[in-house]
Amino acid sequence: MKNIINYGKQFIDASDIKEVTKVLKSQNITQGPYVKKFEDEFKKKFKCKYALAVSSGTAALHLIGIALGWKKNDVILCSPNTFIATAASVEYCGASVEFIDIDKETFNISISSLLKKIKILIKKKKKIKAVIATDYAGQPSDWEELYKIKKKYKFQLVNDNCHAIGSNYKGKINYSTIYADAVSLSFHPVKHITTGEGGMILTNNKKIFDSSLINRSHGMVKKNKFYNGYYEVENLGYNYRLNDISCGLGLSQLKKLNKFLIYRKKVARYYDNYFKNIKFIKIPKICKDRNHVYHLYVLRIDFKKLKTTKKKLFQFFLKKGFKLQVHYIPLNIQKYFKKKYRLNKNDCPNALRFYNEALSIPIYYGIKSKVIKRFCSLLDGFVKKNQLF
Ligand SMILES: Cc1ncc(COP(=O)(O)O)c(C=O)c1O
């Protein structure tokens, strides 16, 4: 079968295989020393007090919600321009989600819409428990503003950092744990580094760490009583552990993170330069005080002004061997949330407009320059062919 070019994919080399093989030949392939080694490297690199490896980014968000005590009648706010897992973590805890529209330039949560919604919720006497801000595509949200609002209205702040590992805000690589109470990361293969499946919680808060540590493994607490391995179940937790095989891979991948980020940035600069002057195409805008790490490179195309549709564009590219994607269908128009909260597609107009125009094009470490060049000229040709004027 012809090799299809996806919007993202992992990069695995001989050093990764060597590290995984080492784990496979060792005594413990799960709950062994590699988990702690992996966590320790994160603490060092991202300058935070606690790091907890978990089975996925989704598990990280769920454990954070449990640790922060989210429950019925709590309202948690997030943008609809994120993966389902962000809002699902709220639902798992039995709390309610409120969607806040996105900023027109960064596609992150909009500060002005957030403030408006907070005032409405306060009037309705709702309990605003937390805000989850996703650093969409790899560009940090407006963290200083979010932090000021958190202090004023006294809610918890979570950073869904699954797109943005290694980015920085105002020069700080540890911005996420400075401003947010807890941070989730994902190591799914399309992300910057991978462990197959996997995730991590970063925090400076001991209570969040302690709770997540216990709930990562069934609520079991090991006690030095009776015999080695004795434990008591303090509450009902989950099996959200990450195994040593994955952590071995993660350790080896983490060493390459900077190299991966530089490569992605080069690809992004190429796309920026190619598409910046093409009519009906808009390139991503980067705020001066933030570093965009391009988990996604999202172009916007004004399909209304072209005599074509996004569907036709996707079909055209599939025939040419490229599988494009859209990030994201706004969560407020996904069936589950629409039905449960009686939402309307116009509740978040910026997110809807963005969805109509956005497409994620290939970006990952190791993508060949001839593939990028071919993609660019195909898109250029498609747009020109479909121009009305
Ligand atoms: C913004 C965001 N949050 C959470 C997740 C969940 O991560 P995982 O797939 O590791 O569960 C993802 C993964 O795609 C994501 O993109």
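Read the figures in this text as sums done on the coordinates, not as results from a lab. Since the structure is predicted, the reported quantities are computational estimates derived from the model, not experimental observations. Cβ sites come from the backbone with ideal geometry, for glycine too, and all protein chains shown count toward neighbours.
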Item to complete: With the condition kept exactly as written, say whether any residue in the stretch 178-194 is surrounded by fewer than 24 Cβ atoms within 10 Å (Cβ to Cβ), more than 16 Å from the ligand (Cβ to nearest atom) and not acidic (Asp, Glu).
Response: yes
Residues in the stretch 201-245 that are without any contact (Cβ under 8 Å) to a residue 60 or more places away in the chain, polar (S, T, N, Q) and under 23 Å from Asn28 (Cα atoms) total 3
query: Is it the case that some residue within the stretch 361-377 is closer than 30 Å to Ile76 by Cα, touching a helix residue (DSSP H, G or I) at 6+ places or on another chain (Cβ under 7 Å) and of a type in the set (A, V, I, L, M)?
result: no
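So, in the stretch 123-149, of the ones that are free of Cβ contacts under 8 Å to residues at least 24 places away in the same chain and closer than 21 Å to Leu68 by Cα, which residue ends up farthest from the ligand (Cβ to nearest atom)? Working first, answer last.
Taking the stretch 123-149 first, the residues free of Cβ contacts under 8 Å to residues at least 24 places away in the same chain are 123-125, 148.
Retained after the next criterion (residues that are closer than 21 Å to Leu68 by Cα): 125, 148.
Values: Lys125: 30, Lys148: 24 Å.
Here the answer is Lys125.
Yes/no per residue for (1) surrounded by fewer than 24 Cβ atoms within 10 Å (Cβ to Cβ); (2) more than 27 Å from Leu236 (Cα to Cα):
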{"position": "Glu41", "(1), (2)": "yes, yes"}
{"position": "Leu61", "(1), (2)": "no, no"}
{"position": "Thr82", "(1), (2)": "no, yes"}
{"position": "Glu91", "(1), (2)": "yes, no"}
{"position": "Lys104", "(1), (2)": "yes, yes"}
{"position": "Ile111", "(1), (2)": "yes, yes"}
{"position": "Lys119", "(1), (2)": "yes, yes"}
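So which helices (runs of 4 or more DSSP H) stay within the stretch 109-222 end to end and still have 2 or more residues that are within 30 Å of Leu359 (Cα to Cα)?
Working: elements: 111-123, 143-153, 175-179, 206-216.
Per the criteria, 111-123, 143-153, 175-179.
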Residue check for Phe303: assigned to a loop (DSSP other than H, G, I, E, B) and within 17 Å of Leu378 (Cβ to Cβ)
yes
Residue within the stretch 103-118 that is closer than 30 Å to Ser217 by Cβ, within 16 Å of the ligand (Cβ to nearest atom), among the hydrophobic types (A, V, I, L, M, F, W, C) and more than 13 Å from the chain's Cα centre (by Cα) present
no
Of the residues in the stretch 79-102 that are within 16 Å of the ligand (Cβ to nearest atom) and assigned to a strand (DSSP E or B), the one that is farthest from Pro284 (Cα to Cα) is Val97
Exactly one of Lys47, Lys72, Lys9 is part of a loop (DSSP other than H, G, I, E, B), more than 16 Å from the chain's Cα centre (by Cα) and closer than 21 Å to His192 by Cβ, and that residue is Lys47
One residue is enough: does the stretch 343-358 have a residue meeting the conditions touching a residue at least 60 places away in the same chain (Cβ under 8 Å), of a type in the set (Gly, Ala, Ser) and over 23 Å from Glu91 (Cβ atoms)? yes
The condition of being surrounded by fewer than 19 Cβ atoms within 10 Å (Cβ to Cβ) and either under 23 Å from the mean Cα position of the chain (by Cα) or closer than 22 Å to Lys276 by Cβ (or both) holds, among Phe354, Phe382, only for Phe382
Tyr50 meets each of (1) closer than 30 Å to Gly248 by Cα; (2) within 16 Å of the ligand (Cβ to nearest atom); (3) aromatic (Phe, Trp, Tyr) with one exception, condition (2)
Of the residues in the stretch 195-214 that are at negative phi and within 16 Å of the ligand (Cβ to nearest atom), the one that is farthest from the chain's Cα centre (by Cα) is Ser212
Margin query: Kindly evaluate Ile262 against the criterion of being over 23 Å from Gly57 (Cα atoms), free of Cβ contacts under 8 Å to residues at least 40 places away in the same chain and aliphatic (A, V, I, L, M).
Written below: yes
In the stretch 50-68, anything part of a helix (DSSP H, G or I) and of a type in the set (Gly, Ala, Ser) is listed as Gly57, Ala59, Ala60, Gly65, Ala67
